[in-house]
Structures are given as C-alpha cells and as structure tokens.
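Please treat every number below as a calculation from the coordinates, not as lab data. It should be emphasised that the depicted structure is a prediction, and the values quoted were computed from it without experimental measurement. Positions of Cβ are generated from backbone atoms using ideal geometry, with glycine treated the same way; all protein chains shown enter the neighbour counts.
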Amino acid sequence: TQVITPLNPYMIVLLGLVRRYEPTAGLGTVISRMFPFVIPFWLAWAGLLAIWYFFDLPLGPGNGIFLGQS
C-alpha cells in the first residue's frame, strides 16, 4: 500500500507527471488510479511470504523465519 499513501515521497513527483497530461488531477485521482496495482502486488507478496513461512525457508544466511526459543 506504500504506492497509494500520501506519505510516499514520490507522490508529488507522480502528481506532477499526471498533471502534465490532466491539469485537473489531484491526489485522489493519483491514488484511485494506482489502487488497481496495489491488489496484485499485495497478493504476490502475501503468496511469497506464505511460501517462505510454510516451507520454513531461510530468510538469509543462518536466519530462519521463526525466532529461536531461548
């Protein structure tokens, strides 16, 4: 959802680019047009997380997805 948050540092750049072609566009226009991209990306990342979680794959060298018990 980072692409549709107003706190995204590149949102003003994206808004400027959209306003070049549609001068009446505002922040709501940019967010509503980016929203269809959020859902597939979220599903893809959730799927990757599920694969790593259920197969207990390492996240990096010597680091699993579960914390060890002390």
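For the peptides 29-36, 58-65, the ranking by mean Cβ contacts within 10 Å, running from highest to lowest, is 29-36, 58-65. For a distance above 17 Å, tell me the whole-number percent of Cα pairs in the chain that qualify. I get 59 percent for the Cα pairs in the chain exceeding 17 Å. Would you tally the net charge around Val13, using a Cβ to Cβ cut-off of less than 12 Å, leaving Val13 out, and scoring K and R as +1, D and E as -1? Net charge around Val13: +2. Near Ile65, the amide H atoms lying under 5 Å from its own belong to Leu59; only residues 5 or more places off or on other chains count, and H is placed 1.01 Å from N. Taking 0.890 mPa s as the viscosity and 25 °C as the temperature, the Stokes-Einstein diffusion coefficient of the range 2-42 based on its alpha-carbon Kirkwood radius rounds to 235 µm²/s.
In this structure, Ala50 and Thr24 have a Cβ-Cβ separation that, at R0 = 30 Å, corresponds to a calculated FRET efficiency of about 0.10.
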